[in-house]
Amino acid sequence: MVATWELRARFAVRLAEMYGSEVPAYHTLVDVCTEVNAEAAKGRDDERLGSIERVTAERHGAIRVGSPRELAKVARVFAAFGMLPVGFYDLRDASASSVPVVSTAFRPVEAAELARNPFRVFTSMLVTEDRRFFDAETEGRLQEFVAGRTLFGTELLELADRASAEGGLGDRDAERLLGLATDAFRLTSEPIEREWYDHLERISAVAADIGGVPATHINHLTPRVLDIDELYARMQARGIAMISEIQGPPAWEGPDVLLRQTSFRALAEERVFRHQDGSVQQGSLRVRFGEVEQRGIALTRKGRDLYDRLVVEIDRRLGEGQGLSRQEVALAVWRGGLPSTEAELESLGLGFFSYRVAGAAPPVERASLRDLVASGVLVPEPIVYEDFLPRSAAGIFQSNLSDEGTRDDEQAGAEYDLGRLAELVGAEIRDPFDLYAAQRAASLREAEQILGLRID
Ligand code: OOG
Ligand code: NI
């Protein structure tokens with residue numbers, strides 16, 4: 001029997017082999033990541049943000065689908081690998097540009113599963129009914145086009161359902177599932193209708209990539225690095241042009257929080273096009289890219305509110321236009337707004353931590369968490385952020401597009417939230433804050449047991 005976590009680990013490797021053969025710069029990226037991680041790990045006395053094995057194997061992918069029905073099928077496929085929907089991201093308003101999608105991320109939800117293999121896939125769904133992007137006729141054509149294609153075949157879906165129900169599959173079936181699931185995300189060689197694709201591309205390049213192509217594909221596969229500034233410099237030195245900025249928090253001397261990401265533009269890829277007169281022609285598209293990320297400490301709601309306020313403040317100061325770069329402004333805002341040590345992040349309730357018992361129990365029946373930490377009985381250990389940031393996601397989407405697209409803000413949008421998306425997916429979508437809070441609470445319950453006292 002190949003257990004769920006092992007299916008997931010093998011799935012991540014299969015996708016990497018496929019994507020690496022399609023996007024050669026990916027290999028350079030992974031080589032540089034491995035190099036930087038090995039050096040960074042040497043200089044550290046612990047592996048608090050994840051074991052070096054986990055970090056080196058860690059990837060996230062991104063895919064895009066065209067309808068609730070397709071999203072529900074994606075959910076069945078990923079469930080086979082123990083990847084469940086977490087979080088809701090609305091990218092339509094996350095930047096000034098045109099990204100007409102709402103998203104969630106499929107990932108393991110338990111700490112033990114994450115430690116075994118944290119593979120996750122950021123999954124976006126085109127919102128065809130959003131009138132700011134699509135008029136009624138385009139919406140109709142999009143729905144028809146998407147309804148007419150099959151992204152995931154019956155055999156794949158049935159194997160996936162069995163794998164989730166039974167917690168794994170026998171060797172033979174496991175192999176079949178992995179083959180079919182990987183193929184479902186391969187770049188298609190089927191012809192693309194040129195006029196239809198161009199029509200969508202004028203509205204949004206993302207819409208064209210989703211609704212103008214007969215299949216879906218893995219858009220990027222992202223390794224994790226321990227020092228993204230070092231990686232950025234080394235990639236540039238190897239002649240790979242990165243996007244102009246690292247998205248998310250700036251580089252600074254304090255604790256790393258949430259997520260920092262950067263990417264490079266993929267090469268143009270050969271695709272086949274069919275024209276209205278029926279003629280078929282070779283052409284190229286530039287839709288896929290390479291991305292890399294550094295993960296930091298998960299923030300509590302209070303911490304996240306503070307983070308969001310700081311981002312607004314950075315924008316405000318940049319708007320005043322004093323000729324400073326975003327990094328310079330962000331650094332100043334960060335220094336003024338965020339505590340500079342991990343200990344403060346913990347004591348102020350801004351970051352999520354779990355607690356490890358490191359000393360003998362005091363002779364009392366109850367003690368406060370603060371006292372136990374102060375006396376060294378409990379040691380806080382940061383919980384890694386396992387999710388995404390809507391603004392960085394929109395920035396990553398956008399930085400790799402050549403065209404801004406169009407959005408008519410006079411028209412009506414379409415309301416989406418976590419609950420509505422969950423109904424469409426046909427599965428519960430978990431709230432990331434709840435998952436981190438549960439991890440924290442579990443560590444405290446365990447500490448209470450070990451110490452034989454109540455922690456207030
Ligand atoms: C997804 C972009 C978002 C991330 O890491 O924030 C993303 C896409 O391009 O489909 O992957
Ligand atoms: Ni990504």
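The values are calculated or read from the model by the stated rules, or taken from the named source; none is laboratory data. Computed from a prediction, not measured in an experiment: that's the story for all the values here. Cβ sites come from the backbone with ideal geometry, for glycine too, and all protein chains shown count toward neighbours. Surface areas here come from the heavy atoms of the whole protein model, side chains and all, with no ligands, DNA or RNA. Shrake-Rupley method; radii C 1.70, N 1.55, O 1.52, S 1.80 Å.
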- Task: Determine which member of the set R304, R295 is within 16 Å of ligand 2 (Cβ to nearest atom) and either open to solvent by 10 Å² or more (accessible area, probe 1.4 Å) or under 30 Å from Q439 (Cα atoms) (or both).
- Result: R295
- The correct count of residues that are over 30 Å from R224 (Cβ atoms) and touching a helix residue (DSSP H, G or I) at 6+ places or on another chain (Cβ under 9 Å) in region 270-323 is 8
- Message: So for region 79-99 (the condition being at pLDDT 95 or above, buried (at least 19 other Cβ atoms within 10 Å of the Cβ) and among the acidic types (D, E)), does at least one residue qualify?
- Response: no
- Could you tell me which residue of region 262-275 is farthest from ligand 2 (Cβ to nearest atom), considering only residues that are in contact with a Phe, Trp or Tyr (Cβ under 9 Å, 6 or more places away or on another chain) and either more than 30 Å from S340 (Cβ to Cβ) or touching a residue at least 40 places away in the same chain (Cβ under 8 Å) (or both)? F273
- Message: If I go through region 380-417 residue by residue, how many of them are aliphatic (A, V, I, L, M), away from ligand 2 (no atom under 16 Å from the Cβ) and closer than 30 Å to S443 by Cβ?
- Response: 2
- Residues (open to solvent by 10 Å² or more (accessible area, probe 1.4 Å) and farther than 11 Å from I218 by Cα) located in region 1-22: M1, A3, T4, W5, E6, A9, R10, V13, R14, E17, S21
- The condition from (1) within 16 Å of ligand 1 (Cβ to nearest atom); (2) surrounded by 19 or more Cβ atoms within 10 Å (Cβ to Cβ); (3) at pLDDT 90 or above that V311 misses is numbered (2)
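Okay, residues lined up against (1) within 16 Å of ligand 1 (Cβ to nearest atom); (2) open to solvent by less than 10 Å² (accessible area, probe 1.4 Å):
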{"site": "G153", "(1), (2)": "no, no"}
{"site": "D161", "(1), (2)": "no, no"}
{"site": "S164", "(1), (2)": "no, no"}
{"site": "D183", "(1), (2)": "no, no"}
{"site": "L187", "(1), (2)": "yes, no"}
{"site": "Y197", "(1), (2)": "no, yes"}
{"site": "I203", "(1), (2)": "no, no"}
- Query: Does I243 satisfy the criteria of being open to solvent by less than 60 Å² (accessible area, probe 1.4 Å), among the aliphatic types (A, V, I, L, M) and modelled with pLDDT of 95 or more?
  - Reply: no
- Note on the structure: Note: among E35, E17, just one is over 20 Å from the mean Cα position of the chain (by Cα) and assigned to a helix (DSSP H, G or I), namely E35
